[in-house]
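This report concerns only the one structure given below.
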Amino acid sequence: MDELTKTAPLANPACWLPFTANRAFLQQPRLLSRARGMYYWTPDERPILDGTAGLWCVNAGHCRPEISAAIAQQAAEMDFAPTFQIGHPLVFTLAKRLIQWMPPALNHVFFTNSGSESADTALKIARAYHFNRGEPERTLFIGREKAYHGVGFGGLSVGGLPRNKEAFGPLLEADFLPHTLDQSRNRFGQGLPEWGEDPALALGEIVRRHGAERIAAVIVEPVAGSAGVILPHRDYLRQLREACDTHGLLLIFDEVITGFGRLGTPFATDYFSVTPDLLTTAKGLTNAAVPMGAVFVSDAIYQSFMQGNDRGIELFHGYTYSGHPLACAAGLAALDIYEQEGLLTRGAELAPYFEKAIHSLHELPKVIDIRNIGMMAAIELESLPDAFGARGMAALQSAFDKGLLIRTTGDTIALSPPLIIQRDMIDEIADILHNVIGNLR
Ligand code: PMP
């Protein structure tokens with residue numbers, strides 16, 4: 001990168017950064033300009049260990065040459081092809097490869113470009129499914145408190161983070177299951193909590209309130225990521241699946257974070273042995289080299305769309321870039337790496353070491369909870385009085401200064417390193433965090 005590109009942009013900033021305190025950022029910018037493997041580098045060539053796989057997405061590590069080469073080759077061969085009433089071979093090849101990693105029932109894929117689009121697509125498919133079956137009044141969605149399903153109006157409506165929603169109403173009609181953070185019983189618990197509330201009770205109450213015949217679907221992240229790694233208890237998802245079946249409700253898993261090996265299994269559906277009716281993903285699908293998302297759909301739902309006598313368009317929905325050739329090429333190359341290097345299950349081998357390292361921060365002052373599963377973890381810090389998020393931001397800055405990329409949400413530090421990480425780098429993450437947290441005000 002030349003000198004001008006490195007330094008010029010901030011001199012006269014035109015870019016409005018997402019989910020960022022832009023004014024504060026410009027006072028103290030943090031820039032990354034190159035990446036390889038487990039590391040980023042700043043424009044002045046300072047290495048930054050990637051503790052968050054970018055944004056929970058670069059699971060095979062950065063700038064994998066196989067992926068870059070596949071993208072370059074595809075860009076030269078066919079840059080773009082529409083997938084409306086037309087197709088290209090890669091989109092079929094990728095779909096076929098992907099469903100091999102899914103439970104057998106989830107055997108069709110609708111491509112999107114992001115996790116947000118995947119959430120909105122899944123919600124729309126759920127509504128259209130009921131509409132086609134002659135139940136158009138099934139429009140209500142059930143989300144969960146503290147959930148994050150992206151920023152489209154659909155995902156926002158079923159999301160459970162109040163700050164994300166407050167300025168954007170009115171939203172779609174939704175009701176909410178309680179979140180699963182139980183700090184009275186599970187604080188500093190390692191791995192999955194043994195017990196907690198049965199979601200069937202809460203869902204039963206919601207169904208009584210609205211009537212099952214009004215409900216389109218229930219959507220949850222198997223493990224809530226963005227809110228700070230909030231774990232369900234061991235039986236929660238099974239109980240939720242059973243309750244959905246009892247009331248005849250579709251169940252959607254949002255696996256944008258938990259997909260592609262994050263929990264030490266290919267998907268959370270494997271970890272929990274629970275199969276939803278629809279499953280959304282994005283991020284790790286292309287190792288984040290090209291934006292891409294996907295919605296996996298059960299055979300029953302797919303077939304219901306295909307069975308009409310009319311041979312016209314079955315679902316009036318899609319994106320210009322659904323199944324973009326470059327994204328497909330990146331996805332196929334990423335899958336090759338995941339499979340060849342066993343990355344979709346490597347997290348299971350690393351998780352005990354990671355867990356021990358992260359929980360070694362337990363005794364530090366200001367640490368009020370630590371949660372982990374597979375290769376994701378959260379360290380919750382006590383908030384400063386009247387300054388929620390300030391300590392988290394200070395931790396982010398201090399870690400960045402000390403050569404570690406973390407993610408913070410409020411005053412909670414989230415970790416989700418690339419799945420190629422070595423044990424000594426896990427130690428390094430813990431050491432830097434020890435120093436960072438130990439020196440926080
Ligand atoms: N769902 C979940 C569970 C996510 O974690 C995210 C992103 N962190 C999204 C949806 C939205 O994905 P995107 O930012 O790609 O739209």
Scoring the chain by relative contact order with C-alpha pairs under 8 Å, at least six apart, yields a percentage of 22
Under the Karplus relation 6.51 cos²θ - 1.76 cosθ + 1.60, θ = phi - 60°, what is the ordered set of whole-Hz ³J(HN,Hα) values for segment 291-307, x standing for Gly and Pro? x, 6, x, 8, 10, 8, 10, 5, 4, 4, 5, 4, 5, 5, 6, 8, 7
Which of the lysines could a cross-linker bridge to LYS96, judged by Cα under 28 Å and excluding same-chain residues fewer than eight apart? LYS124, LYS283
In whole Hz, with x marking every Gly and Pro, tabulate ³J(HN,Hα) for segment 367-375 from phi via Karplus 6.51 cos²θ - 1.76 cosθ + 1.60, θ = phi - 60°. 7, 10, 6, 9, 10, 7, 7, x, 10
Would you compute, from DSSP H runs of 4+ residues alone, the mean residue ellipticity of the chain at 222 nm, taking -39500 (n - 2.57) per run and dividing by the full residue count, rounded to the nearest 500? -11000 deg cm²/dmol
List every residue whose amide H lies under 5 Å from the amide H of LEU384, counting only residues 5 or more places away in sequence or on a different chain, with H placed 1.01 Å from N in the peptide plane. GLY389, ALA390, ARG391
So, with +1 on the Cβ of K and R and -1 on the Cβ of D and E, and no other charges, what is the size of the charge dipole of segment 28-144 about its Cα centre, to the nearest 20 debye? 300
Give me the percent of DSSP beta bridges within the chain that run antiparallel, rounded to the nearest 5. 65
Taking the beta-carbon count within 10 Å as an exposure proxy, list HIS62, HIS362, HIS130 from fewest neighbours to most. HIS362, HIS130, HIS62
Provide GLU45, GLU255 in ascending order of the number of other Cβ atoms located within 10 Å of each residue's Cβ, fewest first. GLU45, GLU255
Under a GNM of the chain (C-alpha, springs under 10 Å), which listed residue has the highest mean-square fluctuation: SER383, SER416, SER157? SER383
If the viscosity is 1.306 mPa s and the temperature 10 °C, what translational diffusion coefficient in µm²/s does Stokes-Einstein give for the chain when Rh comes from Kirkwood over Cα pairs? 70
Using Cα springs under 10 Å in a Gaussian network model of the chain, which residue among ARG187, ARG262, ARG391 shows the largest mean-square fluctuation? ARG187
Ranked from fewest to most other Cβ atoms within 10 Å of their own Cβ, THR121, THR42, THR412 fall in the order THR42, THR412, THR121
Suppose the chain between ALA81 and GLN183 were pulled fully straight at 0.36 nm per residue; how much longer would it get relative to their current alpha carbon spacing? 31.7 nm
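None of the figures in this text is laboratory data; all of them are computed from the coordinates on show. A quick note: this is a predicted structure, and the numbers were derived from the prediction, not measured. So basically every Cβ, Gly included, is an ideal-geometry build from the backbone, and we count neighbours across all protein chains shown.
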